[in-house]
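**Q** Encoded as structure tokens, here's the structure I'll be asking about.
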Amino acid sequence: MTSTPDDLSAALDLPTVRAAVEQCLHEFLTAKERTAAQHGLPPTAARSLRSFLDAGGKRLRPLLCAIGWYAAGSRGPLPEAVVRTASALEVFHAFALIHDDVMDRSETRRGRPTVHRAFALRYADRTPDAAAEHLGTGAAILVGDLALCWSDELLHSADIPADRLEAVRHLSELMREEAMYGQYLDLLAPTTPAHDIRTPLTVIRYKTAKYTCERPLHIGAALAGAGPTVLRACTAFALPLGEAFQLRDDLLGVFGEPDRTGKSRLDDLREGKRTVLLALTHQRANPAQLETLREFVGRPALTDHDADRVRAVIVDTGARDEAERMIRHRHDRAQRTLDRAPFPPSAVQALRHIAHRATHRDL
């Protein structure tokens with residue numbers, strides 16, 4: 001399927017969708033900050049969440065939610081119900097990232113200190129170091145909890161048509177449950193053999209492919225009253241794309257440039273994060289290379305020089321090239337599903353654009 005620029009601009013314009021979501025998020029969190037101050041409560045919680053969201057982000061989930069609405073045959077400007085539902089997905093994502101950073105002990109996110117680090121730094125001159133770290137962790141957990149509550153509020157106040165509300169809520173609940181199971185499996189991954197590729201692929205399926213791509217598309221389509229055929233087509237596109245997206249993210253976590261990615265390229269190696277990339281490396285490594293991996297991967301004090309030795313092993317074993325091949329294969333599979341998807345041409349073109357941007361990010 002193809003579409004003309006006029007058709008695309010008339011039915012679906014991604015910058016306009018993003019701007020509508022940004023405005024909704026800004027107004028909602030500004031109101032939360034104001035209400036807290038009026039009741040004598042610390043506005044720093046809402047301010048911290050607003051700052052976290054203002055720092056950037058791809059807004060992939062809201063965009064896919066909106067595209068899902070159009071993919072089901074809807075036309076015209078995006079209704080407020082879709083904008084608020086899409087915004088709810090982004091606030092839920094903020095909750096997930098804030099808690100994920102605590103669990104991973106990450107230092108930076110989007111080029112800034114993570115929320116728990118920002119709170120720890122804020123109070124470092126008032127309390128001992130250990131107490132500041134503990135306070136930062138606790139505060140970040142609570143800000144994440146607020147984000148979870150507020151994502152519910154956005155969804156429940158979206159004025160979704162009654163005949164579609166049950167389907168949207170059911171899909172939203174599935175998305176949350178799948179994301180939590182994916183995170184739980186990620187936490188357990190260090191208990192599995194380093195060469196095990198099945199576990200990180202399962203984590204990718206639930207923590208990224210379904211949560212980031214499939215369910216947002218489903219939720220948007222359900223808002224338009226989509227039937228099973230459209231939902232199946234969404235799945236056929238979204239799962240391989242989501243897997244490719246995470247495989248790219250794992251490569252960026254080791255080889256990316258921090259000034260482009262906004263995050264450290266040491267965190268994953270210091271944590272010893274069980275990614276597909278490292279599983280492939282362990283599978284292919286010779287005894288000397290395995291010794292290098294055992295010595296440096298998972299070392300909290302890992303230096304840039306140490307990391308370069310690990311990167312050399314990843315490259316020399318061919319694991320980096322294999323990860324790139326897996327990305328291409330999944331990207332191409334997602335693109336091929338669009339050739340036969342029952343979506344309007346404008347939605348197909350938007351999804352092709354999303355697929356390219358998600359898998360061809362610069363290192």
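The values are calculated or read from the model by the stated rules, or taken from the named source; none is laboratory data. Worth saying up front: this structure is predicted, and the values here are computed from it rather than measured. A quick note on method: Cβ atoms are made from the backbone with ideal geometry, for glycine too, and the neighbour counts reach across all protein chains shown.
**Q** Of (1) touching a helix residue (DSSP H, G or I) at 6+ places or on another chain (Cβ under 9 Å); (2) over 23 Å from residue 189 (Cβ atoms), residue 108 satisfies all except one. Which?
**A** (2)
**Q** What are the residues in region 9-40 that are touching a Ser or Thr at 6+ places or on another chain (Cβ under 8 Å) and either over 17 Å from residue 88 (Cα atoms) or basic (Lys, Arg) (or both), if any?
**A** Matches in region 9-40: 10, 11, 12.
**Q** Something else about it: Tally the residues that are surrounded by 22 or more Cβ atoms within 10 Å (Cβ to Cβ) and in a loop (DSSP other than H, G, I, E, B), restricting the search to region 273-284.
**A** Total meeting the criteria: 2.
**Q** OK, next. In region 142-163, which residue that is touching a helix residue (DSSP H, G or I) at 6+ places or on another chain (Cβ under 6 Å) and under 16 Å from residue 115 (Cα atoms) is surrounded by the most Cβ atoms within 10 Å (Cβ to Cβ)?
**A** Once the filter is applied, the top-ranked residue is 147.
**Q** Here are some residues: 304, 259. Which one is within 20 Å of the chain's Cα centre (by Cα), farther than 27 Å from residue 202 by Cβ, at pLDDT below 95 and not polar (S, T, N, Q)?
**A** 259
**Q** Residue check, residue 164 against (1) farther than 28 Å from residue 332 by Cβ; (2) among the basic types (Lys, Arg); (3) within 16 Å of the chain's Cα centre (by Cα), all met but one. Which one?
**A** (3)
**Q** When both residues are 6+ apart or on different chains and their Cβ atoms are under 7 Å apart, which pairs have a first residue that lies in region 191-207 and is buried (at least 18 other Cβ atoms within 10 Å of the Cβ), and a second that is of a type in the set (Ser, Thr, Tyr)?
**A** Close Cβ pairs satisfying both conditions: 199/192; 200/275; 206/181.
**Q** Looking at (1) over 19 Å from residue 361 (Cα atoms); (2) within 19 Å of the chain's Cα centre (by Cα); (3) assigned to a helix (DSSP H, G or I); (4) modelled with pLDDT under 95, can you tell me which one residue 270 breaks?
**A** (2)
**Q** Identify, by number, the condition in (1) surrounded by fewer than 21 Cβ atoms within 10 Å (Cβ to Cβ); (2) under 25 Å from residue 117 (Cα atoms); (3) modelled with pLDDT of 95 or more that residue 236 doesn't meet.
**A** Among (1) surrounded by fewer than 21 Cβ atoms within 10 Å (Cβ to Cβ); (2) under 25 Å from residue 117 (Cα atoms); (3) modelled with pLDDT of 95 or more, the lone unmet condition for residue 236 is (2).
**Q** Under 7 Å between Cβ atoms, which residue pairs at least 6 apart in sequence (or on different chains) link something in region 121-133 that is assigned to a helix (DSSP H, G or I) with a partner that is not charged (D, E, K, R)?
**A** So the pair list comes out as 121/113; 132/120; 132/123; 132/124; 133/120.
**Q** Between a first residue in region 302-324 that is closer than 18 Å to residue 195 by Cβ and a second residue that is surrounded by 14 or more Cβ atoms within 10 Å (Cβ to Cβ) and among the acidic types (Asp, Glu), which pairs have beta carbons less than 8 Å apart while being 6 or more apart in sequence or on different chains?
**A** 323/250
**Q** Contact list please: Cβ distance under 8 Å, first residue in region 336-356 and of a type in the set (S, T, N, Q), second residue modelled with pLDDT under 95 and assigned to a helix (DSSP H, G or I), pairs at least six apart or on different chains.
**A** From region 336-356, the pairs are 346/7; 346/8; 346/10; 346/11; 349/8.
**Q** I've got another one for you. Checking the conditions here, which among 294, 328, 320 is among the basic types (Lys, Arg) and surrounded by 15 or more Cβ atoms within 10 Å (Cβ to Cβ)? Give the derivation first.
**A** Values: 294 fails: surrounded by 15 or more Cβ atoms within 10 Å (Cβ to Cβ); 328 fails: surrounded by 15 or more Cβ atoms within 10 Å (Cβ to Cβ).
Going through 294, 328, 320 in turn, the sole match is 320.
**Q** Exactly one of (1) surrounded by 15 or more Cβ atoms within 10 Å (Cβ to Cβ); (2) under 20 Å from the mean Cα position of the chain (by Cα); (3) touching a residue at least 40 places away in the same chain (Cβ under 8 Å) is unmet by residue 111. Its number?
**A** With (1) surrounded by 15 or more Cβ atoms within 10 Å (Cβ to Cβ); (2) under 20 Å from the mean Cα position of the chain (by Cα); (3) touching a residue at least 40 places away in the same chain (Cβ under 8 Å) applied to residue 111, the lone miss is (1).
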